[in-house]
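Let me begin by presenting the structure, written as structure tokens, before commenting on it.
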Amino acid sequence: MSDYQTFRGFVATDIKTSTTPGGVGTASFRLGSTARRFDRATSTWVDTHTNWFNVQGYRQLAGNMACSIKKGQCVIVVGRLKLRSWEKDGRVYHSAEIDADSVGHDLKRGSANYIRTSDTGLHVASDNGAAGQDAAAAGSGIGGPADPDEDGGDPEEGEHADDDAAALAVFHEDADGNHIPVDARTGELAGSTV
């Protein structure tokens, strides 16, 4: 018997990325799943209770979540449900977490473009060579140090962020070994049209 379950809902928060002490990239977001029922009296669909889940992904899934999933999008998540409870100040609290195995857009509610990554994933090139790849990894939050306080950074750092982004180019390696430019902002292949 498999303990994987499928959840459908909407992304309620921005994707948060970090790295474990062992160097594993992680990404997480809050998923809201609202059940609907048909009200025969009014002949309309009405929303009922919303269940909330924390979705957690690791390694390559985390990187793909960070560049593909945005707040407000409808998604389908397959993973293991973990129910946790704890007591604080005499009150018992509960949370539901999904250890995600797969995350994708719900195509019943919209369309999406799919880019298959090679085993090594997306490649980043820059004028700085390997240093540029490290900078890209740190900038994505995957593979770089965790930053629990996003507002506590260097105020001058934001002034040079555009310069750093311009120096980096992201490429997708296809099955033939060709490097195709990728729009780092949208994750789409450069020059592709829908």
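The values are calculated or read from the model by the stated rules, or taken from the named source; none is laboratory data. These numbers come from a predicted model, not from an experiment. Cβ placement follows ideal geometry from the backbone for every residue including glycine, while neighbour counts extend to all protein chains displayed.
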Query raised in the report: Do the conditions hold for R40, that is, is it free of Cβ contacts under 8 Å to residues at least 12 places away in the same chain and over 9 Å from the mean Cα position of the chain (by Cα)?
Result: yes
Query raised in the report: Pairs, please: C-beta under 9 Å, at least 6 apart or cross-chain, first residue under 20 Å from I76 (Cβ atoms) and aromatic (F, W, Y) and in the range 1-23, second in a loop (DSSP other than H, G, I, E, B) and modelled with pLDDT of 90 or more?
Result: F10/K71; F10/G72; F10/Q73; F10/D106
Report summary line: Scanning the range 1-22 for residues that are surrounded by 11 or more Cβ atoms within 10 Å (Cβ to Cβ) and among the β-branched types (V, I, T) gives V11, T13, I15, T17, T19
Report summary line: Expected single match for over 19 Å from T6 (Cβ atoms) and surrounded by 10 or more Cβ atoms within 10 Å (Cβ to Cβ) among G25, G32, G57 is G25
